[in-house]
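Peer 1: This is the structure I want to talk about, given as structure tokens.
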Amino acid sequence: MVKFRKKPVIVEAKRWFPVGDERHDPSMLSHRKGNAVDPPDYRKDYDLYRVSEMKGYGDDIYMIRTGGSNSDVQVHPGDWIITGIKGEKYPCKPDIFAATYEAVD
């Protein structure tokens, strides 16, 4: 077996906190409504959007459209939203982020 080391790559990342949290950054949210509205307002790759309120919990559910396959992934408070080297965006749990990334000057 041949071993490989991952190349060092610098990415941009912002920590996600939902509406109502004092750390919330409203610029992270998309204002597109999706194709279920009339007229359709199609979400685009990498949109971060609110889906709905969880019944009985009172918390909103937030998703990010990860691109390519038009798959959507749930984003939780405190997750990091990483912008990759090709402009792709995806969520990362805080513990994984801390183990994988370090700040650069």
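The values are calculated or read from the model by the stated rules, or taken from the named source; none is laboratory data. These figures come from a predicted structure and were not determined experimentally. Don't worry about glycine lacking a Cβ; one is built from the backbone with ideal geometry, like all the others, and counts go over all protein chains shown.
Peer 1: Sort out which residues of the range 1-34 are of a type in the set (A, V, I, L, M) and assigned to a helix (DSSP H, G or I), and write them in order of number.
Peer 2: Scanning the range 1-34 gives a single hit, M28.
Peer 1: So, one more: Just need a number here: residues in the range 12-23 that are exposed (fewer than 14 other Cβ atoms within 10 Å of the Cβ), of a type outside the set (D, E, K, R) and at pLDDT 90 or above.
Peer 2: The total comes to 0.
Peer 1: Every residue in the range 24-37 that is surrounded by 10 or more Cβ atoms within 10 Å (Cβ to Cβ), modelled with pLDDT under 85 and of a type outside the set (A, V, I, L, M, F, W, C), please.
Peer 2: S30, R32, K33, G34, N35
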